[in-house]
């Protein structure tokens, strides 16, 4: 037969279990209620974004994240806030949101996209490569990171393309300065700029011109052996280019004259052939 103490213990245990169960149920209900509120706010932000009110959209996405930080909607809301700022060209605000996203949600599945979007924010700020290099450098660093760390993602291919564009921009700047130094007869400075293009940006559209300029500079200052070295390199890699023809004309002053006279010979020969052809029908 149960003693009074045992009955008291069982009754207390029953009350404790019931209370715990009620608390759990209340907690679940509260979480579901919060999640519904988050979803509602998120959808308001989404509608605002689609309607063009991107600043209000960013505000609502931030509100959704704060409302229930433990939910799956929180990181998605944070990323959408960053995207909203990006759409409106508020690149500084977008970068700040993305940096926070990467810091708060380092293992989220959309981390590759966050890095890529940050690169795009820097890329879109490139205005004049001759005056401001910081945005270009930041974009290149971020796209390089995406290409290295997330090679198999859908963002890597576009990151690689953007890097090639950035390299063209950087090479263009080096060529611009190099040409300026050449005109001012600052030979060493010009050589250094053209060498940078050949060494660091050899896959860009400016490599052939840079090699020609190196030939031109060395030929001008009397370093014929060095000029010939770069001429051979240019001929081997870009033998059919206009820049190789320009280089060839440096070493052979009669090149253009011979080329023109040869054209005249061909034209004259064609006239004779045409005249002979016409006589067959006379």
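We did not get these values from a lab; they are worked out from the coordinates using the rules stated. Quick caveat, the model's predicted, so the values are computed rather than measured. Counting neighbours? That spans all protein chains shown, and the Cβs are built from the backbone with ideal geometry, glycine included.
Where does each of 103, 179, 193 land when they are ranked from fewest to most other beta-carbon atoms within 10 angstrom?
If I rank by nearby Cβ atoms, fewest first, I get 103, 179, 193.
Would you mind putting 208-215, 184-191 in packing order, based on average other-beta-carbon counts within 10 Å, highest first?
Packing order, densest peptide first, comes out as 208-215, 184-191.
For each of 251, 182, count neighbouring Cβ atoms within 10 Å of the residue's Cβ, then give the residues from fewest to most.
In order of increasing Cβ crowding within 10 Å: 251, 182.
When every alpha-carbon pair in region 58-186 is counted, what percent end up more than 20 Å apart? Could the numbers behind the result be given before it?
Details: 4210 of 8256 pairs.
Value for region 58-186: 51 percent of Cα pairs lie more than 20 Å apart.
When a footprinting reagent is the concern and you count Cβ atoms within 10 Å, what order do 204, 220, 247, 153 take, fewest first?
220, 153, 204, 247
Among rounded, prolate and oblate, which fits region 53-106 when a ≥ b ≥ c are the square roots of the eigenvalues of its C-alpha gyration tensor, a/c under 1.5 means rounded, and a/b larger than b/c means prolate?
Judged from the Cα gyration tensor, region 53-106 comes out oblate (a/c at least 1.5, b/c at or above a/b).
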